[in-house]
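Since the structure comes first, as structure tokens, the remarks are kept for the end.
The values are calculated or read from the model by the stated rules, or taken from the named source; none is laboratory data. On a predicted model such as this, the values are computed, not experimentally measured, just so you know. Neighbour counts run over all protein chains shown; Cβ positions are idealised from the backbone, glycine included. The accessibility values were calculated without ligands, DNA or RNA, using every heavy atom of the protein model including side chains. Shrake-Rupley method; radii C 1.70, N 1.55, O 1.52, S 1.80 Å.
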Amino acid sequence: MLWALTAARAVLGHRTTGWVRTMASHSLLVAPPAALSKPLFIPSRLLLGPGPSNLTPRVMAAGGLPVLGHMHQEVYQIMDEIKQGIQYVFQTRNPLSLAISGSGHCALEAALFNLLEPGDSFLVGVSGIWGQRAQDIAERIGARVCQMVKAPGGHFTLQEVEEALARHKPVLLFLAHGESSTGVLQPLDGYGELCHRHQCLLLVDSVASLGGAPIYMDRQGIDVLYSGSQKVLNAPPGTSLISFSDKAKNKIYARKTKPVSFYLDIQWLANFWGCDDRPRTYHHTTPVISLYSLRESLAHLAEQGLENSWRQHREASEYLYTCLQGLGLQLFVKDQALRLPTITSVVVPAGYDWRDIVQYIMDHHNIEIAGGLGPSAGKVLRIGLLGGNATRENVDRVTRALREALQCCPRSKL
């Protein structure tokens with residue numbers, strides 16, 4: 001017996017030595033990065049661009065809470081509270097309301113991947129970058145994409161939409177409620193009813209508008225509504241909100257083909273988020289800390305009240321319009337009723353390079369504003385008043401910074 005134990009020990013020892021030798025048989029090609037030996041430094045900056053926005057103290061505190069397992073009962077409770085918050089801010093009773101582990105782009109893909117199948121007719125309102133993105137995603141999954149196109153600063157009327165619905169007979173229409181690249185607020189009253197008369201579902205992007213402008217998912221007949229965490233909600237980027245009407249849910253559950261993405265398969269996500277009255281099963285590891293932050297941001301907006309938040313953004317943006325016009329600047333969207341109250345677009349003043357203005361304000365005032373995006377690139381400056389950043393004090397700060405930039409930045413006389 002002793003001999004056998006000694007022999008076994010010798011064999012195991014030899015194997016272990018060989019295993020260790022194998023694991024360390026290659027020299028490292030990459031040394032520890034010197035940059036990672038330095039302390040992390042993040043400047044304090046006022047974010048008055050189109051997003052992300054500054055976090056509230058409450059949301060920042062949530063980010064420092066202990067991590068729990070993504071399938072712990074306490075996390076399920078937080079997920080249930082997030083669903084209730086989504087139903088409030090969207091003004092919907094849809095049971096199929098949940099958060100996506102990804103930015104607003106991810107929510108857009110979740111909507112299109114689940115609602116469209118190859119060959120489906122998809123009508124897109126393109127008046128800025130978000131219509132362009134919706135078209136791009138839909139083409140990648142084989143949908144038959146039809147466009148309604150407006151120049152930056154335009155919007156789509158009921159008559160234009162009705163004519164396009166009759167011509168193209170789509171199963172889905174996309175509109176951006178808040179087109180952040182141009183600063184346009186797309187009207188929505190009557191569009192859901194119009195779509196339903198044509199056996200079409202209505203998909204709406206409210207990433208830039210949610211909490212800053214009125215939106216009523218159920219009463220406006222919106223079938224799929226999505227938004228993001230990083231704008232008016234003042235939460236970290238990386239989570240998004242989405243809700244599906246019963247009509248949209250029925251279309252998803254009657255698909256002939258599987259959605260192209262497992263990660264964004266709404267039937268799986270509906271179960272994981274407790275939306276289908278069946279025991280929850282594992283789908284993916286959620287960003288638990290981000291869910292804490294999202295829950296707190298929704299709680300803050302619920303305590304403030306939607307009507308008060310809408311009023312805050314309207315009053316702050318109107319004050320901004322007055323200050324900008326006092327500097328001799330021209331607002332890009334002429335009709336005030338069509339201006340997005342959360343993100344204001346300003347015509348780049350003649351003779352200036354927008355990049356000089358943006359960089360000067362960043363370098364000398366530690367304030368972020370932005371230039372245009374997509375079709376509005378080079379044409380506008382964009383100033384965001386998002387959530388807690390929508391204050392008269394911040395308007396005064398950015399106005400002073402703009403005045404100084406216009407005095408100090410080079411200007412061509414051509």
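Here are some notes:
- Under 13 Å of direct C-alpha separation, and excluding same-chain neighbours fewer than eight residues apart, residue 169 reaches these aspartates and glutamates: 120.
- Sorted on the mean count of surrounding Cβ atoms within 10 Å across their residues, most packed first, peptides 69-78, 226-235, 257-266, 53-62 read 226-235, 53-62, 257-266, 69-78.
- Relative packing of 217-224, 35-42, which averages over residues the other C-beta atoms within 10 Å, highest first: 217-224, 35-42
- Cut-off under 5 Å, modelled amide H: who pairs with residue 176 long-range: 205
- Here the 3J(HN,Hα) profile of segment 183-195, calculated from phi with Karplus coefficients 6.51, -1.76 and 1.60 at θ = phi - 60°, is x, 9, 9, 6, x, 10, 4, x, 6, x, 4, 5, 4 Hz, Gly and Pro shown as x.
- The amide H of residue 340, built 1.01 Å from its N in the peptide plane, has 184, 185 as neighbours under 5 Å, considering only residues 5 or more places off or on other chains.
- When the P(r) of segment 307-346 is calculated, the portion above 13 Å amounts to 49% of the C-alpha pairs.
- Hull shadow area, averaged, segment 20-153 [alpha-carbon convex hull, nm²]: 16.4 nm²
- Counting only lysines at least 8 places from residue 83 when in the same chain, those with an alpha carbon closer than 23 Å to its own are 231, 247, 249, 251.
- Whether segment 159-295 is rounded, prolate or oblate, judged on the alpha carbon gyration tensor where a/c under 1.5 counts as rounded: oblate
- Heavy-atom accessible area per residue - the chain, 1.4 Å, Å²: 48 Å²
- The antiparallel fraction among DSSP beta bridges confined to the chain stands at about 50%.
- Here the 3J(HN,Hα) profile of segment 302-307, calculated from phi with Karplus coefficients 6.51, -1.76 and 1.60 at θ = phi - 60°, is 5, 5, 5, x, 4, 4 Hz, Gly and Pro shown as x.
- Rg/Rh ratio calculated on Cα atoms of segment 322-401 (Kirkwood radius): 0.93
- Kirkwood Rh, angstrom, the chain [1 / mean 1/r, Cα pairs]: 23.5 Å
- Overall, the accessible surface of the chain at a probe of 1.4 angstrom is composed of carbon and sulfur to the extent of 56 percent.
- Over the residues of the chain, the helix contribution to mean residue ellipticity at 222 nm works out to -13000 deg cm²/dmol, using -39500 (n - 2.57) for each DSSP H run of at least 4.
- Along the axis of the charge dipole computed for the chain (Cβ charges of +1 for Lys and Arg, -1 for Asp and Glu, origin at the Cα centre), the listed residues 208, 172, 142 are led at the positive end by 142.
- Couplings for segment 243-253, taken from phi via the Karplus curve 6.51 cos²θ - 1.76 cosθ + 1.60 with θ = phi - 60°, read 9, 10, 5, 4, 4, 5, 4, 4, 5, 5, 6 Hz in order; Gly and Pro are left as x.
- Calculated on the alpha-carbon coordinates, the convex hull of segment 214-305 measures out at 132 cubic angstrom per residue.
- Amide H to amide H, with H built 1.01 Å from N, residue 148 comes under 5 Å of 124, 125, 126, counting only residues 5 or more places away or on other chains.
- Hull-based mean projected area of segment 137-204, where the convex hull spans the alpha carbons, in square nanometres: 4.6 nm²
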